[in-house]
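Input: a single structure, listed below in structure tokens.
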Amino acid sequence: MAASNITSTHPTAFLLVGIPGLEHLHVWISIPFCFAYTLALLGNCTLLLIIRGDAALHEPMYLFLAMLAIIDLVLSSTTLPKMLAIFWFRDREISFYACLVQMFFLHSFSIMESAVLLAMAFDRYVAICKPLHYSTILTGPLITKIGLAAVTRAVTLMIPLPFLLRRFHYCRGPMIAHCYCEHMAVVRLACGDTRFNNIYGIAVAMFIVVLDLLFVTLSYIFILQAVLQLASQEARYKAFGTCVSHLGAILSTYTPVVISSVMHRVAQQAAPHVHILLAIFYLLFPPMVNPIIYGVKTKQIRDHVLSLFWRKNV
């Protein structure tokens with residue numbers, strides 16, 4: 001078997017187990033996963049087409065939303081097709097370098113998603129706290145710089161991981177007890193001193209989540225102060241209503257992360273499939289619900305979707 005041949009210090013391929021302990025249910029589990037992936041593809045592609053096709057939506061808020069949709073498409077497409085191949089065809093083998101590429105895209109685009117959510121919080125802060133300067137602050141060049149900064153930060157933080165993993169000798173076999181190549185799942189197969197990988201992985205995760213959430217929280221503290229100073233209740237409701245979609249996206253992204261983190265600490269003895277299902281939920285849930293959240297709560301997008309639907313049925 002190709003997976004057992006050792007080239008240099010690493011196997012030529014790994015074998016992805018899928019969901020350990022639930023192998024007999026893989027076909028049934030694949031049904032909701034396939035449905036969620038289909039919704040994610042349809043929803044995010046529709047958002048991108050609507051934003052691209054309407055010049056009135058070429059505003060900072062919608063440009064950031066387009067970035068989020070692209071990231072969600074890449075995140076789900078990086079893992080779901082291979083997962084479905086495991087569930088349907090038992091195609092468990094993944095080459096060593098394909099595994100590293102999947103891991104790099106998975107973690108780097110997760111970091112980009114956090115950065116874009118932070119940028120969207122900044123957008124709402126400027127729109128509500130400095131409305132007269134909105135168009136002069138959030139210019140096209142600044143949005144481009146924000147996008148490039150999000151990509152640069154993610155790539156800079158994640159580019160060491162493939163090189164760090166290449167130097168290990170994998171003496172614990174080729175079987176990865178997961179549906180995809182997650183960093184720590186690969187590290188567990190390595191022999192030698194993996195402390196730096198462990199510390200680096202935890203440090204990056206904490207740095208991203210804590211720092212980005214801190215700035216998002218600060219943005220909303222300032223937003224709340226500005227909203228409460230508005231004269232009428234209707235104005236307060238309207239101003240804060242523009243933040244509802246973004247708050248929904250934040251909750252859909254960070255809630256699974258927090259739940260998974262808490263479970264790893266308070267339920268260490270839980271079956272492995274519990275942790276893996278939570279990890280998959282984190283990958284599937286935001287890409288699936290973010291288009292729905294923005295489609296329902298954003299009038300311009302909702303009107304476009306309804307007009308498309310109406311045209312098809314006339």
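The values are calculated or read from the model by the stated rules, or taken from the named source; none is laboratory data. Here the structure is a predicted model, which means the values were calculated and not measured. Heads up: the accessible areas ignore ligands, DNA and RNA and are worked out on the full protein's heavy atoms, side chains in. Shrake-Rupley method; radii C 1.70, N 1.55, O 1.52, S 1.80 Å.
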Checklist entry - Pick from A231, A279, A66: which residue has the top mean-square fluctuation in a GNM of the chain where Cα pairs under 10 Å get a spring? => result A231
Next on the checklist: From the phi angles alone, apply the Karplus equation (6.51, -1.76, 1.60; θ = phi - 60°) to the range 100-110 and give each ³J(HN,Hα) in whole Hz, x where the residue is Gly or Pro.
Outcome noted: 5, 5, 4, 4, 4, 5, 4, 6, 5, 6, 5
Item to check | Accessible surface ranking that places the most exposed of R302, R166, R195 first, with a 1.4 angstrom probe | outcome: R195, R166, R302
Checklist entry - Roughly how many Å² of K299 are accessible to a 1.4 Å probe, to the nearest 10? => result 120 Å²
Checklist entry - Which residue, A203, A226, A190, has the most motion in a Gaussian network model of the chain that connects Cα atoms within less than 10 Å? => result A203
Checklist entry - Hey, what did the range 13-300 get for relative contact order, percent, Cα under 8 Å, at least 6 apart? => result 29 percent
Checklist entry - Using θ = phi - 60° and the Karplus curve 6.51 cos²θ - 1.76 cosθ + 1.60, what whole-Hz ³J(HN,Hα) does each residue of the range 121-134 get, with Gly and Pro shown as x? => result 5, 5, 4, 5, 4, 5, 4, 9, 8, 9, x, 6, 10, 4
Next on the checklist: Once neighbouring chains are kept in place and the probe is 1.4 Å, which whole percent of the accessible area of the chain is contributed by carbon and sulfur?
Outcome noted: 70 percent
Checklist outcome for this item: Rounded to the nearest 10 Å², the accessible area of C181 using a 1.4 Å probe with every protein chain kept is 0 Å²
Next on the checklist: Using only the alpha-carbon atoms, how far is helix 60-89 inclined from the longest principal axis of the chain? Give it as 0 to 90 degrees, nearest 10.
Outcome noted: 30 degrees
Item to check | Lysine-lysine proximity count for the chain, Cα under 22 Å, sequence distance 8 or more or distinct chains | outcome: 5
Checklist outcome for this item: antiparallel share of DSSP beta bridges within the chain, to nearest 5, in %, is 75 percent
Checklist outcome for this item: Per residue, accessible area of the range 13-300 with a 1.4 Å probe, heavy atoms of protein chains only, in Å², comes to 49 Å²
Checklist entry - Anyone know which of R92, R124, R52 comes out most mobile in the 10 Å Cα GNM of the chain? => result R52
Item to check | Angstrom value of the Kirkwood radius, inverse mean 1/r, which spans all Cα pairs in the range 1-145 | outcome: 18.1 Å
